[in-house]
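For reference, the structure discussed in these notes is given below.
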Amino acid sequence: MLSHDPLWPRAGDWPAWAPGSRADAVVVGIPTWRTALSPGQAHTTPAAIRDALRYYSADSLTRPDGSELTVLDAGDVPEPDGAGEAAATARVAELTSTAALVIVLGGDNAATVPAALGSWGAAVSTAGLVTLDAHHDLRDGVTNGSPVRRLIEAGLAGARVSQLGIDPLANSRAYRARAHEHGITVVTRAELLSTPIESAMTAALDRAASAGGPVHVDLDLDVCDRSVAPGCPASVPGGVSAIELRTAARLAGAHPAVTSIDLTELDAMRDTPDQRTIRLAALCVLEALAGLASRTAGESA
């Protein structure tokens, strides 16, 4: 049982979204898991992130002028894998029309496809994508390893895709070549050692928004060092730090072109007893909302 302090309001437990609702941000679960290359139970993750939000303060919801963001929770999209992907895409599209920012709780990385396509709608030809990920996600087929390839095939221009935190030893020469062929900007983990995450993320967001279209940000938690993201089956030793990912989430929320953010590749059932990966995901939700709160009032719903 968590303690109660009226002077320390907790995050989470946001009112339910309903058709016709208006909000600054809407949270929705897209619990993809059936096509994962590393079989697990990633469909349990959205509920786990919601529970973890209660450990943290709601201070991130306050704008500089003292007003509060309106955040609603649209629940989970049922069975979003396979034939259910179209319904998940439609739900994100509906939510995007009612809020400045949609935050998607995955699920594995397959959730990025309906999250991005739903938020872009007919603007896919001018849209942009930023991924923080150890992997290129350009594989053939329909799995959690193929979302970036599928989005490019749907009309996304590779020139407006940036991938931060790529680990060459967690990829292959063929997929590196594929990223190059599509014109994707790749910033490896080694390059981030000499380039602050603030600089790399700002440049990536501006590049993604260069055609004036909406931007989706994929925060794949396996970009993080395995010590802070043990709940991610494919996280590697030497990944980015927790504070780097949190900083990226805040910058994403603050950028006026960003309409959607997802948190993916976390399997709640694989996490450690202290829930360090789940809690990191929850903090990224709050960082994104803090970024949104920093936007001017005219840019929020």
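The values are calculated or read from the model by the stated rules, or taken from the named source; none is laboratory data. Because the structure is a prediction, the values reported are computed rather than measured. Reconstructed Cβ throughout: ideal geometry from the backbone, glycine too, with neighbour counts over all protein chains shown.
In the set Ala249, Ala229, only one residue is modelled with pLDDT of 95 or more and closer than 19 Å to Asp167 by Cβ; that residue is Ala229.
Here is a yes/no grid of residues against (1) buried (at least 22 other Cβ atoms within 10 Å of the Cβ); (2) at pLDDT below 95; (3) touching a Ser or Thr at 6+ places or on another chain (Cβ under 6 Å); (4) over 23 Å from Glu287 (Cα atoms):
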| site | (1), (2), (3), (4) |
| --- | --- |
| Arg22 | no, no, yes, no |
| Val28 | yes, no, no, no |
| Gly40 | no, yes, no, yes |
| Ile49 | yes, no, no, no |
| Ser57 | no, yes, no, no |
| Glu94 | no, no, no, yes |
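Whenever a residue of segment 166-192 is at positive phi, its partners that are modelled with pLDDT of 95 or more, lying with C-beta atoms within less than 6 angstrom and at least six residues away or across chains, give the pairs Gly183/Gly158; Gly183/Ala159. All conditions but one from (1) closer than 23 Å to Thr259 by Cβ; (2) of a type in the set (Gly, Ala, Ser); (3) crowded, with 24+ Cβ neighbours inside 10 Å apply to Ala134; the one that does not is (1). Each residue in segment 1-30 was checked for being of a type in the set (Asp, Glu), in a loop (DSSP other than H, G, I, E, B) and within 13 Å of Thr98 (Cβ to Cβ), and 0 of them qualify.
Out of curiosity, is Glu244 touching a residue at least 60 places away in the same chain (Cβ under 8 Å), of a type in the set (D, E, K, R) and in a helix (DSSP H, G or I)? For Glu244, the condition - touching a residue at least 60 places away in the same chain (Cβ under 8 Å), of a type in the set (D, E, K, R) and in a helix (DSSP H, G or I) - is not met.
One residue stands out in segment 185-224 among those that are of a type in the set (D, E, K, R) and surrounded by 20 or more Cβ atoms within 10 Å (Cβ to Cβ): the one that is farthest from the chain's Cα centre (by Cα), namely Arg189. For Ala281, state whether it is small (Gly, Ala, Ser) and surrounded by fewer than 23 Cβ atoms within 10 Å (Cβ to Cβ). Spelling it out, it is not the case that Ala281 is small (Gly, Ala, Ser) and surrounded by fewer than 23 Cβ atoms within 10 Å (Cβ to Cβ).
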